[in-house]
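Throughout, read-outs are computed from the coordinates displayed, never taken from laboratory work. Remember, predicted model here, so these are calculated numbers, not experimental data. Positions of Cβ are backbone-derived with ideal geometry, glycine not excepted, and every protein chain shown enters the neighbour counts.
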Amino acid sequence: MKQPKHLISPSDLSLAETDAILDLADSIIANPQKYAHCCNGKKLATLFYEPSTRTRLSFEAAMMELGGGVLGFSSADSSSAAKGETVADTVRTVQSFADIIAIRHPKEGSAQVAATNANVPVVNAGDGGHQHPTQTLTDLLTIRSLHKTHQLVGLTVGLCGDLMFGRTVHSLVRALMQRPGIKFVLISPGELRLPSYLIEELRRNNVPFEEVEQLDKVMGQLDVLYMTRVQRERFFNEEDYVRLRDSYILDAAKMKLAKEEMMVLHPLPRVNEIAAEVDKDPRAAYFKQVLYGKFVRMALIATLLEVEV
Ligand code: NCD
């Protein structure tokens, strides 16, 4: 039997495959009617063992807009996980009901476990502090759509906040480091620096990067500022979280230091790290980003299911 294609980390997709998904998303945005029935009769299962608003609902909306159906659970408590069932057994069960599975789990590596046990495509919708590849497809589509060049080349990208536990950052770094002319500015407190395995990957690939603690000092160089939430649920103690949670607050005064065409992205949810006053700045792109997330998931589902359009 043919092995299904999974998406566990951005590196599961070649540059050409990623670009094909982004191009398909553009085509869906331009002509949604053309795709409205391409998943008729297909079902997506969302297995969410961790809280989510955007990721789960955008996966479900995406499948519905392709003509398919959705089923699933949104907390471990409401599934057989509460009775001690393993991810492997849950996936072996759910594949009898669904054609594609999106899974979010607090444990790093659990999406890989799901994929190993599945005979339908599995998409990692976030595994602990590890990876979140569909957020990255969302981010890439947002940057490509809103940047004046409509290309993912030659950009200085600032990643700010919890670079240690932020899985969206880990996936975005992996995806962007393959592109020409990308420079990273890694802005975090010393304790929340990007994990060393990713620093090593950057070095091995000769990707320019700098690590800094102060946001104001680098604002003027950035083409993209990717703000992130301090990931409370991944901290070992509340004291450290409280000390670090307000390390960065992007406000109108800081936005004055930025380029006129810089865009601000955030995977959301935000807590305190972007002041509400920034929302009205035309460079604030985080709510547009949410909508791009639905379109790119439509493109991903259609691609993994290899449906005819
Ligand atoms: C992110 C996540 O779950 O990693 N949210 C999302 O999927 N849009 C970011 C976060 O929770 O901070």
Subject >> Amide H partners (placed H, <5 Å) of Ile274, local residues excluded >> reply: Leu250
**OP:** Give me the angle, in degrees from 0 to 90, between the Cα long axis of helix 15-30 and the longest principal axis of the Cα atoms of the chain, rounded to the nearest 10.
**Re:** 80 degrees
**OP:** Return the lysines within reach of Lys294: Cα separation strictly under 18 angstrom, same-chain partners fewer than 8 residues apart disregarded; answer none if there are no such residues.
**Re:** Lys34, Lys42, Lys43
**OP:** Could you tell me whether region 162-221 comes out rounded, prolate or oblate from its Cα gyration tensor? Rule is a ≥ b ≥ c as square roots of the eigenvalues, rounded for a/c under 1.5, then prolate if a/b exceeds b/c, otherwise oblate.
**Re:** oblate
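Checking the a/c ratio against 1.5 first, then a/b against b/c, what shape does the Cα gyration tensor give for region 1-147?
Working: a/c = 1.70, a/b = 1.44, b/c = 1.18.
Prolate.
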**OP:** Subtract the Cα-Cα distance of Glu213 and Asn237 from 0.36 nm times their separation in residues, and report this length gain in nm to one decimal.
**Re:** 6.4 nm
Subject >> Relative contact order computed over the chain (Cα-Cα under 8 Å; 6+ residues apart), in percent >> reply: 20 percent
**OP:** Specify the longest stretch of the chain that does not include any exposed loop site, a site being one of the trypsin sites (Lys or Arg not before Pro) with a non-H, G, I, E, B DSSP assignment and at most 11 other Cβ atoms within 10 Å.
**Re:** 3-147
**OP:** Pull out a ≥ b ≥ c, the square roots of the eigenvalues of the alpha-carbon gyration tensor of the chain, then state rounded if a/c is under 1.5, prolate if not and a/b is larger than b/c, and oblate in the remaining case.
**Re:** prolate
Subject >> Cα convex hull of region 67-218 - mean projected area over all directions, nm² >> reply: 11.5 nm²
Original post:
What are the ³J(HN,Hα) values, in whole Hz, obtained from phi via the Karplus relation 6.51 cos²θ - 1.76 cosθ + 1.60 with θ = phi - 60°, for each residue of region 143-155 in sequence order, with x given for Gly and Pro?
Top reply: 5, 4, 6, 9, 6, 4, 7, 6, 9, 9, 10, x, 10
**OP:** Against the globular-protein guess of 2.2 N^0.38 Å, express the Cα radius of gyration of region 173-309 as a ratio, rounded to two decimals.
**Re:** 1.19
Original post:
Quick one: if you take sqrt(5λ) for each eigenvalue of the C-alpha gyration tensor of region 143-194, what semi-axes come out, biggest first, whole angstrom?
Top reply: 22, 10, 10
